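FYI, it's all coordinate maths here, none of it is from the lab. From a predicted model like this one, the values you see are computed outputs, not experimental measurements.
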Amino acid sequence: MSLWKKNGHVAAPAEKTLCLLGEGSQTKGEFYTPGSLRVEGTFKGTLRVEGRLVIAPTGEVQGEIQAAQVLVAGRFEGRLVAEELLEVAETGHIKGEIRARRMQTASGATMQVHCWVGENLAEPAPTPENDHRTARPRRG
């Protein structure tokens, strides 16, 4: 990304870093960006994106995602936290656990998930031990 001169002064780009994992590429591990990321290839591991994450129709991600905004138009399997918004396109496929402040799902999207939507993303997921609706009395 280049810097532009405005009135004789060097100015930083208006948008933060945009990263691309291109179609046909494969990588695994941990990845962090303070900007946005578009995945058109395959990624296995942990993604931390402070901006917007787009999993394109050709993209596939397995692992953990934490991002401000997420658009799934491809495939995702694992645990996903969208701090602001999760959008699932009609071509999107999600399997696993999702937590999102807000969520929009298009007709045709496929989801096999445990899902929590709302303001309290930091609360632990319900388990038989801490979910009072399914807790059974202990025998002593």
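Listed values, structure above:
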quantity: Phi to ³J(HN,Hα) by Karplus 6.51 cos²θ - 1.76 cosθ + 1.60 over segment 101-106, Hz, x for Gly, Pro; calculated: 5, 9, 9, 10, 10, 7
quantity: Expected-Rg normalisation [2.2 N^0.38 Å, Cα atoms] applied to segment 16-117; calculated: 0.93
quantity: 5 angstrom amide H check on residue 95, placed H, neighbours 5+ away; calculated: 76, 77, 78, 112
quantity: Computed lengthening from residue 17 to residue 112, 0.36 nm per intervening residue step minus Cα-Cα distance; calculated: 31.0 nm
